1. Collect the residues in segment 46-105 that are hydrophobic (A, V, I, L, M, F, W, C), free of Cβ contacts under 8 Å to residues at least 60 places away in the same chain and in contact with a helix residue (DSSP H, G or I) (Cβ under 8 Å, 6 or more places away or on another chain), keeping them in residue-number order.
2. Which of the residues spanning segment 113-133 are part of a loop (DSSP other than H, G, I, E, B) and either under 30 Å from GLU38 (Cα atoms) or in contact (Cβ under 8 Å) with a residue 60 or more places away in the chain (or both)?
3. Of the residues that make up segment 66-82, is at least one part of a strand (DSSP E or B), at negative phi and more than 23 Å from the chain's Cα centre (by Cα)?
4. From the list SER40, SER59, pick out the single residue that is part of a helix (DSSP H, G or I), over 24 Å from the mean Cα position of the chain (by Cα), modelled with pLDDT of 95 or more and loosely packed, with under 13 Cβ neighbours inside 10 Å.
5. So which residues in segment 51-77 are among the aliphatic types (A, V, I, L, M), under 25 Å from LYS99 (Cα atoms) and in contact with a Ser or Thr (Cβ under 7 Å, 6 or more places away or on another chain)?
6. Hey, among LEU89, LEU117, LEU49, LEU78, which residue is of a type outside the set (Ser, Thr, Tyr), surrounded by fewer than 11 Cβ atoms within 10 Å (Cβ to Cβ) and modelled with pLDDT of 95 or more?
7. What is the number of the single condition among (1) within 15 Å of the chain's Cα centre (by Cα); (2) loosely packed, with under 11 Cβ neighbours inside 10 Å; (3) in a loop (DSSP other than H, G, I, E, B) that PRO110 does not meet?
8. Is it fair to say ALA101 is at pLDDT 95 or above, touching a Ser or Thr at 6+ places or on another chain (Cβ under 7 Å) and in a helix (DSSP H, G or I)?
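The values are calculated or read from the model by the stated rules, or taken from the named source; none is laboratory data. Since the structure is predicted, the reported quantities are computational estimates derived from the model, not experimental observations. Reconstructed Cβ throughout: ideal geometry from the backbone, glycine too, with neighbour counts over all protein chains shown.
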Amino acid sequence: MKLYLKPILVFTCFILLVAPGCTSSDNDTPTYESELSELSLLKAEIETLASTSVCNETSECKFIALGSKPCGGPWTYLTYTTSINVEQLQAIVKEYNQKEAVFNTKWDIPSDCALTLQPTSINCENNDCVLMY
């Protein structure tokens with residue numbers, strides 16, 4: 001009888017050690033809501049950084065394409081000035097645009113497919129950059 005007990009004990013220990021690693025945790029899989037929340041936080045960070053910029057003259061004003069429509073192109077254009085960390089803003093916007101493109105594909109997000117007009121120029125008015133179309 002003792003001969004059967006040892007293999008059963010070894011098999012039981014093996015199952016107890018291996019089985020927890022074989023289960024999948026749904027908590028590790030990003031949900032639509034968690035990914036949307038991440039995008040919203042990143043967009044808020046972008047808008048906060050851009051809003052700290054102030055212009056004194058038009059030459060300081062710049063704009064950047066923000067967002068990724070499912071049909072292609074940006075959702076909007078964001079104004080900023082050279083008074084902020086431009087490289088940081090550009091890097092965060094690039095990350096946001098890429099993440100939104102992946103999000104749109106993954107979750108099959110619909111779009112109006114309308115083209116967003118690119119501004120033709122930008123002016124500094126009352127210390128704010130204003131897009132011209």
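1. ILE46, LEU49, ALA50, ILE64, ALA65, LEU66, LEU78, ILE84, LEU89, ILE92, VAL93
2. Listed by number, the residues that qualify are CYS113, ALA114, LEU115, THR116, LEU117, GLN118, PRO119, ASN127.
3. no
4. Every option except SER59 fails the conditions.
5. Across segment 51-77, the qualifying residue is only LEU66.
6. LEU117
7. Of everything listed in (1) within 15 Å of the chain's Cα centre (by Cα); (2) loosely packed, with under 11 Cβ neighbours inside 10 Å; (3) in a loop (DSSP other than H, G, I, E, B), PRO110 misses just condition (1).
8. Taking the combined requirement at face value, the residue satisfies it.
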